[in-house]
1. For region 23-44, indicate whether the set of residues that are surrounded by 11 or more Cβ atoms within 10 Å (Cβ to Cβ), at pLDDT 95 or above, assigned to a helix (DSSP H, G or I) and more than 11 Å from the ligand (Cβ to nearest atom) is non-empty.
2. Only one of these is touching a helix residue (DSSP H, G or I) at 6+ places or on another chain (Cβ under 9 Å), at pLDDT 95 or above and in a helix (DSSP H, G or I): 51, 12. Name it.
3. If we keep just the residues of region 78-109 that are assigned to a loop (DSSP other than H, G, I, E, B), near the ligand (Cβ under 9 Å from one of its atoms) and under 19 Å from the mean Cα position of the chain (by Cα), which is modelled with the lowest pLDDT?
Ligand code: 2BA
């Protein structure tokens, strides 16, 4: 079994959620925040059989697209002063940042 962790833009979240439901893929959605832009994004936790990982990655790939985002960060990230960007920045965000992890054990009680 694998755990697919996908960080996607909020705008792509409803489409990905619907496509996962349509394909019978179970997922949990978490509200998250990007460390660089401090902008909201959505993290999907998708537990799936190893043989469906490719299908899940395709669903993510076709549901998410990259966008240009211009943001003026308001404050430094935590105590890391060097990460403070005091001017508008234009960055390419997405489509999706995806991690695929091995699941050691899976239980539902
Ligand atoms: P953010 O951290 O807010 O990053 C948004 C976008 O800003 C990134 O898009 C990238 O284009 C740019 N960016 C991030 N850090 C940068 C830096 N140090 N210097 C210059 N530009 C930088 P994506 O790469 O598509 O990432 C979108 C979101 O995915 C990220 O939002 C973060 O929430 C997550 N993410 C990306 N890589 C990650 C990683 N290795 N581990 C955990 N989360 C990650």
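1. No, every residue in region 23-44 fails to be surrounded by 11 or more Cβ atoms within 10 Å (Cβ to Cβ), at pLDDT 95 or above, assigned to a helix (DSSP H, G or I) and more than 11 Å from the ligand (Cβ to nearest atom).
2. Numbers: 51 fails: touching a helix residue (DSSP H, G or I) at 6+ places or on another chain (Cβ under 9 Å).
Of the residues listed, the single one that is touching a helix residue (DSSP H, G or I) at 6+ places or on another chain (Cβ under 9 Å), at pLDDT 95 or above and in a helix (DSSP H, G or I) is 12.
3. Going through region 78-109, the residues assigned to a loop (DSSP other than H, G, I, E, B) turn out to be 78-79, 84-88, 94-95, 103-109.
Checking the rest, the ones that are also near the ligand (Cβ under 9 Å from one of its atoms) come to 85, 94-95.
From the residues that got through so far, the ones that are under 19 Å from the mean Cα position of the chain (by Cα) too are 94-95.
On the way: 94: 90, 95: 94.
The residue in question is 94.
The values are calculated or read from the model by the stated rules, or taken from the named source; none is laboratory data. Source: prediction; values computed, not measured. Positions of Cβ are backbone-derived with ideal geometry, glycine not excepted, and every protein chain shown enters the neighbour counts.
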